[in-house]
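For reference, the structure is listed below as structure tokens.
Every number in this text was worked out from the coordinates using simple rules, so none of it is lab data. These figures come from a predicted structure and were not determined experimentally. Quick reminder, even Gly has a Cβ in these numbers, built from the backbone with ideal geometry, and neighbours come from all protein chains shown.
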């Protein structure tokens, strides 16, 4: 089943973002998911790109990316930036902190 990001984001945009924001090869044989690519771009985008994401993708899709993010996909500083911006734009609830890894000893 395709995610909302796969349905709503052009392959050209995803390809461009992956080329610009990933400097390592994917792990394993599976390609990176659209949500993973968008989350990485949300962490490293400049302000002009942020405005582009909001305009072209819409705030609801960006919230969906945040809510589906795995630990390490969006850094804490970017999470706080996007959280405030997108909660105000959508009225949706986004957790206070980005997902983190937990290790059981």
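Between residue 81 and residue 102, 0.36 nm times their residue separation minus their Cα-Cα distance comes to what?
Here the segment from residue 81 to residue 102 would lengthen by 5.2 nm.
Would you please put 65-72, 54-61 in order of how densely packed they are, using the mean number of other Cβ atoms within 10 angstrom per residue and starting with the highest?
Put in order of decreasing packing, that is 65-72, 54-61.
Just the projected area, averaged over all directions, of the convex hull on the alpha carbon atoms of the chain: how many nm²?
So the mean shadow area of the Cα hull is 7.9 nm².
Residue 51 versus residue 89, label points 7 Å from Cα toward the beta carbon: distance in nm?
For residue 51 paired with residue 89, the spin-label model returns 1.3 nm.
Answer rounded, prolate or oblate for region 34-94, using the Cα gyration tensor with square roots of eigenvalues a ≥ b ≥ c: rounded when a/c is under 1.5, else prolate when a/b is larger than b/c, else oblate.
Note, shape of region 34-94 comes out rounded.
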